[in-house]
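Input: a single structure, listed below in C-alpha cells.
Every read-out reported here was derived from the displayed coordinates using simple, explicitly stated rules and does not represent laboratory data. Here the structure is a predicted model, which is why all the values come from computation and not from measurement. Positions of Cβ are backbone-derived with ideal geometry, glycine not excepted, and every protein chain shown enters the neighbour counts.
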Amino acid sequence: MAPTPQVLQVDPADDRRLREFWETEQAAVRPDREHALLRSWDRLRSMMQHPNEWTARTLLVARDDDVVVAVADLAWALRDNLHLADLDISVLPGRRREGLGRLLYDEAMRRCVAAGRTSVCGEVYVPAGSAGPDADADGERRADR
C-alpha cells in the first residue's frame, strides 16, 4: 500500500516551494477552465512575502514523495468577519478522486477551528458533463448533499 501523501505548509520565504505551489495550482485549474483568472507568479510571491495587516493567508500542499499533487489556499480577515475563512483547493487532473482534496480540506478545517473560524467560503467548479452521481436531472450538483 502506498504511503499517504503529506500535507505541508509552504514557507513564503522559500521561493522554490512557493513556485511549486503556484505551478501546481496553475496545472490543476487550467485544463478544466480555459478562461480561468489566475494570479501571476509575481502576484502570489508578493502576496506571500509582503503580508498585509488585513488578511492572513496560509498555503498548504499535498506532497506525494517529492511531487506536489494538490494545493490549498486558506485565508481570513484579521479585522472584521472574524468568523469567516476562505478556502480554495486544487488537485492535479491525473490525481483526482484519490482523497487528496479531502486531505487538504481536513487540515484546513483543523486550522479554521483552532483560529475560531466557524464559516468557510469556497467555490466548486464542475466541468460540464462531469457532475457525477450527486447531480440532478439537469446535470447540476445539489448543494445540500
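Going residue by residue through the stretch 30-43, is there one that turns out to be in contact with a strand residue (DSSP E or B) (Cβ under 8 Å, 6 or more places away or on another chain) and closer than 30 Å to residue 118 by Cβ?
no
Name the one entry in 45, 63 that is in contact (Cβ under 8 Å) with a residue 40 or more places away in the chain, basic (Lys, Arg) and surrounded by 13 or more Cβ atoms within 10 Å (Cβ to Cβ).
From the options 45, 63, the qualifying one is 63.
Is at least one residue of the stretch 92-106 of a type in the set (Ser, Thr, Tyr) and either in contact with an Asp or Glu (Cβ under 8 Å, 6 or more places away or on another chain) or farther than 23 Å from residue 47 by Cα (or both)?
Scanning the stretch 92-106 turns up no residue that is of a type in the set (Ser, Thr, Tyr) and either in contact with an Asp or Glu (Cβ under 8 Å, 6 or more places away or on another chain) or farther than 23 Å from residue 47 by Cα (or both).
Quickly run through the stretch 3-14 and pick out the residues that are farther than 17 Å from residue 101 by Cα and either out of contact with any helix residue (DSSP H, G or I) (no Cβ under 9 Å at 6 or more places or on another chain) or free of Cβ contacts under 8 Å to residues at least 12 places away in the same chain (or both).
Residues satisfying the conditions are 11, 14.
State yes or no: is residue 37 closer than 26 Å to residue 97 by Cα and in a strand (DSSP E or B)?
no
Can you find a residue that is assigned to a loop (DSSP other than H, G, I, E, B) and either free of Cβ contacts under 8 Å to residues at least 60 places away in the same chain or surrounded by 14 or more Cβ atoms within 10 Å (Cβ to Cβ) (or both) anywhere in the stretch 15-27?
no
Of 123, 107, which residue is under 22 Å from residue 11 (Cα atoms) and not hydrophobic (A, V, I, L, M, F, W, C)?
Among 123, 107, only 107 is under 22 Å from residue 11 (Cα atoms) and not hydrophobic (A, V, I, L, M, F, W, C).
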